[in-house]
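Here is the structure we will look at, set down as structure tokens.
The values are calculated or read from the model by the stated rules, or taken from the named source; none is laboratory data. Small disclaimer: the values here were computed from a predicted structure and weren't measured. Don't worry about glycine lacking a Cβ; one is built from the backbone with ideal geometry, like all the others, and counts go over all protein chains shown. Surface accessibility is based on the protein's heavy atoms, side chains included, excluding ligands, DNA and RNA. Shrake-Rupley method; radii C 1.70, N 1.55, O 1.52, S 1.80 Å.
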Amino acid sequence: MSKHPPLGVSDTWETVMEPAGYQCQCTGGLCGSQHSKTGLRCIQTTTHGRLLVAPADLTLSPVAAAAVPAEQLRAWCHGCHAKAQKRQRDSQRELRRLEADELFVALPLWPDPSPALTSCTCAPPSQRSCGHCTHCDTCLDCTKCAGDGCTCECEGD
């Protein structure tokens, strides 16, 4: 079996490739393919081309990925790596969108689009045409005015 380590970090590459059998470790649909015709594992090897080493979590930044210990890295062919990375990023983006939607639903609407109707204690209340009580000037019909401190067309009556 031909080995094609990249320039530079060949020790890390060997540490990952040897237990992987110099074969891509994409399994069970990580890249979108079930690899069902090949025993649920990608068949790409170093014999067919170059393999790269990357963490299982392909959403990590390059700095965070570089800090992952060699024992937690896996062998990837370029095709599986690109497809799995796209799927993981899409999944992460959808999760963030759903979390943002949940947060949005939990936030109160401001200002309250349906203010509560107020009531006065005057007996009996007499109303102007705008809904104000003539005794205490409390608005009894907030659909016709702006609520507390409103100025209606009959304010001067």
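Quick notes on this structure:
- Number of the condition not met by residue 94 [criteria: (1) within 25 Å of the chain's Cα centre (by Cα); (2) open to solvent by 90 Å² or more (accessible area, probe 1.4 Å)]: (2)
- All of (1) open to solvent by 50 Å² or more (accessible area, probe 1.4 Å); (2) out of contact with any strand residue (DSSP E or B) (no Cβ under 8 Å at 6 or more places or on another chain); (3) outside any helix (DSSP H, G or I) hold for residue 29 with one exception: (1).
- Filtering the range 43-61 for residues that are over 18 Å from residue 20 (Cβ atoms), modelled with pLDDT of 85 or more, open to solvent by 50 Å² or more (accessible area, probe 1.4 Å) and part of a loop (DSSP other than H, G, I, E, B) leaves a non-empty set.
- The residues of the range 82-91 that are among the polar types (S, T, N, Q) and surrounded by 13 or more Cβ atoms within 10 Å (Cβ to Cβ), listed by number, are 85, 88.
- If the condition is being open to solvent by 50 Å² or more (accessible area, probe 1.4 Å), hydrophobic (A, V, I, L, M, F, W, C) and outside any helix (DSSP H, G or I), then the range 64-81 contributes only 67.
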